[in-house]
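Novice: First the structure, which I've put down as structure tokens, then a few questions once you've had a look.
The values are calculated or read from the model by the stated rules, or taken from the named source; none is laboratory data. These numbers were taken from a predicted model, which means no experiment stands behind them. In this analysis, Cβ positions are derived from the backbone assuming ideal geometry, glycine residues included, and neighbour counts consider all displayed protein chains. Calculation scope for accessible area: heavy atoms of the full protein, side chains included, ligands and nucleic acids excluded. Shrake-Rupley method; radii C 1.70, N 1.55, O 1.52, S 1.80 Å.
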Amino acid sequence: MHYSVLLPETIEWLNIHSGSRYADFTCGMGGHTRAIAERSAPGMVYSMDRDASALAMAKQNLAGGPQNIEFIHSAFSRARQALTERGVGKLAGLTADLGVSRVQLTGDRGFSFSTDGPLDMRQDTSQGITAADLVNQLPERELANLLFNLAQERRSYVIARALVRNRPVHTSLQLAEIVSRAVPRTGSKLHPATLTFMALRMAVNQELEEVTALMEALPDLLEPGGRAVIIAFHSGEAKIVKTCFQRLHREGRARLLTKHAVKPSDREVYENSASRSATLRVLEIV
Ligand SMILES: C[S@@+](CC[C@H](N)C(=O)[O-])C[C@H]1O[C@@H](n2cnc3c(N)ncnc32)[C@H](O)[C@@H]1O
């Protein structure tokens, strides 16, 4: 069963008009895309993902469904260029459900400590450096800083030292084992390598830089009255979204519609525990 996080809330806040243009910048399995396409037809939905395999799966999931979707393989930091290349002007609304998909986590591209695979972690496998490059090439201090700055891993120095001593590290299970040996579980429910995996994934995919670029592009992407509905999971990402929304509101260029972030209901968290840290914020361009 595939759950799209905060789906009814996203649809309600997008305030969809049939016949208008929308974008889903994180297509994933296509859950949000489908719901937006059904409500906006005959308008178009531009559905973007930098993971080509996610787009292929979404196309399969949505085959036989709404036809008013154009799939685009791109990072959302390039959203304005990608839309302009297709002759698409400003949008009536856009959404992004940030982070990593369950399919990526359960696949064999090294995203998780519980499934084995080459230590890659790139969402777009056609570009950039891999997690193995970082683990095997960064100086110990830089590796420790990366773990601390991106995931607030308090044992970053111990972990970085263990990783450097055990180079080369090639697979996700090898990484998980080295971290578990270096910092054994101390009563926490979390796997000892949880934060290490998260920090490496965020660095490989430049997640904070991507969100910052998307936030800066919002006034160029949306028409007056157009809404941005952004779902974040990581506190660093949530902070970037909140700060940008507040700034645009203060400058009189947009209205912040969610004074407090919208969170999933108890029922949603019960049915899909991965939704527990989600926060949704909405901005309307004036
Ligand atoms: C949480 S999933 C989205 C799930 C989707 N809303 C659904 O209903 O199936 C996040 C997706 O966004 C993609 N993604 C993350 N950062 C991206 C970026 N900067 N540019 C484009 N796609 C990105 C990931 O590859 C992943 O497929």
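Novice: Could you say which residue among 253, 281, 201 is at pLDDT 95 or above, basic (Lys, Arg) and open to solvent by 70 Å² or more (accessible area, probe 1.4 Å)?
Specialist: 253
Novice: What pairs come out if I take residues in segment 188-212 that are within 17 Å of residue 163 (Cα to Cα) and pair them with residues that are of a type in the set (Phe, Trp, Tyr) and open to solvent by 30 Å² or more (accessible area, probe 1.4 Å) whose C-beta lies under 9 Å away, six or more apart or interchain?
Specialist: Listed by first residue and then by second, the contacts come to 191/113; 192/113; 193/113; 194/113; 196/113; 197/113; 199/148.
Novice: Looking at segment 105-127, which of its residues are within 14 Å of the ligand (Cβ to nearest atom) and more than 16 Å from residue 199 (Cβ to Cβ)?
Specialist: Within segment 105-127, 106, 107, 109, 124, 125, 126, 127 qualify.
Novice: Tell me which of these residue 218 doesn't satisfy, since it passes every other one: (1) more than 16 Å from the ligand (Cβ to nearest atom); (2) open to solvent by less than 10 Å² (accessible area, probe 1.4 Å); (3) not aromatic (Phe, Trp, Tyr).
Specialist: (1)
Novice: Then there is this: Among what's in segment 1-28 and is open to solvent by 20 Å² or more (accessible area, probe 1.4 Å) and among the aliphatic types (A, V, I, L, M), pick the residue that is nearest to the chain's Cα centre (by Cα).
Specialist: Out of the qualifying residues, it is 7.
Novice: Any residue that is surrounded by fewer than 20 Cβ atoms within 10 Å (Cβ to Cβ), at pLDDT 95 or above and closer than 30 Å to residue 19 by Cα - is there at least one of those in segment 89-111?
Specialist: Within segment 89-111, one or more residues are surrounded by fewer than 20 Cβ atoms within 10 Å (Cβ to Cβ), at pLDDT 95 or above and closer than 30 Å to residue 19 by Cα.
Novice: Could you tell me which numbered condition residue 263 fails, if it satisfies all but one of (1) open to solvent by 50 Å² or more (accessible area, probe 1.4 Å); (2) touching a helix residue (DSSP H, G or I) at 6+ places or on another chain (Cβ under 6 Å)?
Specialist: Status for residue 263: all satisfied but (2).
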